[in-house]
Amino acid sequence: MQILMDLDSASSIVLQVLSQATSQDTAVLKPAEEQLKQWETQPGFYSVLLNIFTNHTLDVNVRWLAVLYFKNGIDRYWRRVAPHALSEEEKSTLRAGLIANFNEPINQIATQISVLTAKVARLDCPRQWPELIPTLVESVKIQDDLRQHRALLTFYHVTKTLASKRLAADRKLFYDLASGIYSFTCSLWNHHTDTFLQQICGRNETAISNSLERTLLSLKVLRKLTVHGFVEPHRNIEVMGFLHAVFERLKQFLECSRSVESDNACRDRLEKTIILFTKVLLDFLDQHPFSFTSLIQRSLEFAVSYVFTEAGKGVVFERFIVQCMNLIKMIVKNYAYKPSKNMEDSSPETLEAHKIKAAFFTYPTLMEICRRLVTQYFLLTEEELTMWEEDPEGFTVEETGGDSWKYSIRPCTEVLFIDVFHEYNQTLTPVLLEMVHSLQGPTNVNDPQTLLIKDAVYNAVGLAAYELFDSLDFDQWFKSQLLAELQVPHNRYKPIRRRVIWLIGQWVSVKFKSDLRPLLYEAICNLLQDQDLVVRIETATTLKLNILFLIKTFQFY
């Protein structure tokens, strides 16, 4: 069948086949799919699909399928050089139809329409579609709630897609776009944010949810514009003004979260918005480290305050803690902020950033960060201890390696500790050694809190093994204390048995005398008979590490 008839007649035929394609009966479904596949390359087919999925009176499943076929068609036939490419005339009609009305009532279909609009924008905006951005800017000002939201949703997906283009000519176009709409987008974000903060005190949950959703979407647009829309963003007053405003808004939203209970419908979106604020800072730091220099001190003050002092009590949540720790880590470890050994070879920007870091990370600040990391964040949680009992194999499969530190609290705290300790080891080594000294001798099995703290301190010593090489006589410690702790059989002492054998595994390749290995092997043989599976698994891992080290260094017995 050639779709060369008038639109209404074609629509009824395609609509019937789309309805059949939603059937659960394969005898009906397969022929319908074959027919739709044949029509994919026919002139007018995508105009018919547009006509169907924008008709809100039709069945939702049929409209959903029409959107998907349209989206797949963009990927295959929209480019001019594609086989069976759509005509310029039809594409012009389709572009106009996509932004004619932002009134799709079904959320999932609205999202798909926004995504496919962005796909077209990636190929055609601004050269073949100069009216897209002006239309979106005007449409997000509409007072009608539904139209405003759908336009804002499309505005976000279009901005996100255009920001992802990497060719130099495309980057230049995006810089031009960003400079043209940045001021408006800032005003839009401020308006929706203020509206939400005013409404949160009221009881109209629908209005609160709507304004929060608009705040989130406008912030998503601003994130893309801020991070990818400027070559030298520190020279733009509005960009830096927005970034400084992020800290104030974060405080407002965190305080606001105190009054929003976990079962509140807005809670999840509120936390997403808070996390998005932190993503703005993290992305900007990653892409523009020198432009971030003026934000270093404020970022460190903010993150350290909420994560390592009482300021965060009652407002922070796990994902937010992870983001704050990542912000500290990225500043501490950023190579752009590390001067050369010969200071004269370093750029003024590097020296300025290094100076700000040095002024912030004083001895009291570093000591508090180290102590809190070890005695608060390293402690095994109730959830972890329960998992130890109920799923020991799962417990031993730690979330380490790759990018797990970006998302999970335990690898995040451990990576932050390693980086801070490496950067400031002269300051922190005495602090950690003093913590070790305070835990000399066996710990009372009836004192679970001290057992957990000892586990945490030993964890820190294992993570910092390379930094402590010259400061800790590990061989002596092994003989005088650790070996004895491996021999305490009490069930409540199993966290220490497991941690000590893990700790030895961290040190065998760093500093461990060969004449102590027979003692270690004897301890390993005993622990491989331990009643606890987690202890046995950790022991086997240490044995493996020891054997691998011996093979690597040709120490065979």
Legend entry - Residue satisfying condition, being farther than 29 Å from R267 by Cα and open to solvent by less than 30 Å² (accessible area, probe 1.4 Å), within set A207, A169, A178: A178
Legend entry - The lone exception for S404 - which of (1) farther than 19 Å from I496 by Cβ; (2) in contact with a Pro (Cβ under 7 Å, 6 or more places away or on another chain); (3) buried (at least 19 other Cβ atoms within 10 Å of the Cβ) it fails: (3)
Legend entry - Per-region count, the range 398-431, residues in contact (Cβ under 8 Å) with a residue 60 or more places away in the chain, touching an Asp or Glu at 6+ places or on another chain (Cβ under 9 Å) and in a helix (DSSP H, G or I): 3
Inset, instruction - Report yes if T135 is hydroxyl-bearing (S, T, Y), open to solvent by less than 60 Å² (accessible area, probe 1.4 Å) and touching a helix residue (DSSP H, G or I) at 6+ places or on another chain (Cβ under 8 Å), otherwise no. - result: no
Inset, instruction - Would you be able to tell me the number of residues in the range 44-61 that are open to solvent by less than 50 Å² (accessible area, probe 1.4 Å) and closer than 18 Å to N72 by Cα? - result: 9
Legend entry - Some residue of the range 522-538 being modelled with pLDDT under 90, farther than 22 Å from I453 by Cβ and surrounded by 14 or more Cβ atoms within 10 Å (Cβ to Cβ): no
Inset, instruction - List every residue pair whose Cβ atoms lie under 6 Å apart, where the two residues are 6 or more positions apart in sequence or sit on different chains, the first residue falls within the range 115-133 and is assigned to a loop (DSSP other than H, G, I, E, B), and the second residue, located anywhere, is surrounded by fewer than 21 Cβ atoms within 10 Å (Cβ to Cβ). - result: W129/R95
Inset, instruction - Could you please find all residues in the range 30-43 being in a helix (DSSP H, G or I) and open to solvent by 30 Å² or more (accessible area, probe 1.4 Å)? - result: K30, P31, E33, E34, Q35, K37, Q38
Inset, instruction - Answer with yes or no whether S340 is part of a helix (DSSP H, G or I) and over 18 Å from E414 (Cα atoms). - result: no
Inset, instruction - Kindly provide the set of residues from the range 36-91 that are among the hydroxyl-bearing types (S, T, Y) and within 25 Å of A110 (Cβ to Cβ), ordered by number. - result: Y46, S47, T54, T57, Y69, Y77
Inset, instruction - Go through the range 356-396 and give me each residue that's open to solvent by 70 Å² or more (accessible area, probe 1.4 Å) and of a type in the set (F, W, Y). - result: Y363
Inset, instruction - Taking the options L216, L225, L281, L276, name whichever one is modelled with pLDDT of 95 or more, of a type outside the set (K, R), closer than 25 Å to I133 by Cα and surrounded by 22 or more Cβ atoms within 10 Å (Cβ to Cβ). - result: L225
Inset, instruction - Could you please let me know if T309 is at pLDDT 90 or above, surrounded by 20 or more Cβ atoms within 10 Å (Cβ to Cβ) and of a type in the set (S, T, N, Q)? - result: no
Inset, instruction - Check off (1) under 27 Å from T350 (Cβ atoms); (2) touching a residue at least 40 places away in the same chain (Cβ under 8 Å) for A303 and give me the number that stays unchecked. - result: (2)
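The values are calculated or read from the model by the stated rules, or taken from the named source; none is laboratory data. Everything numeric in this text was worked out from a predicted model, so none of it was measured. Here Cβ is always computed from backbone atoms with ideal geometry, including for glycine, and neighbour counts include all displayed protein chains. Side chains are part of the model used for accessible areas, which takes the heavy atoms of the whole protein and leaves out ligands, DNA and RNA. Shrake-Rupley method; radii C 1.70, N 1.55, O 1.52, S 1.80 Å.
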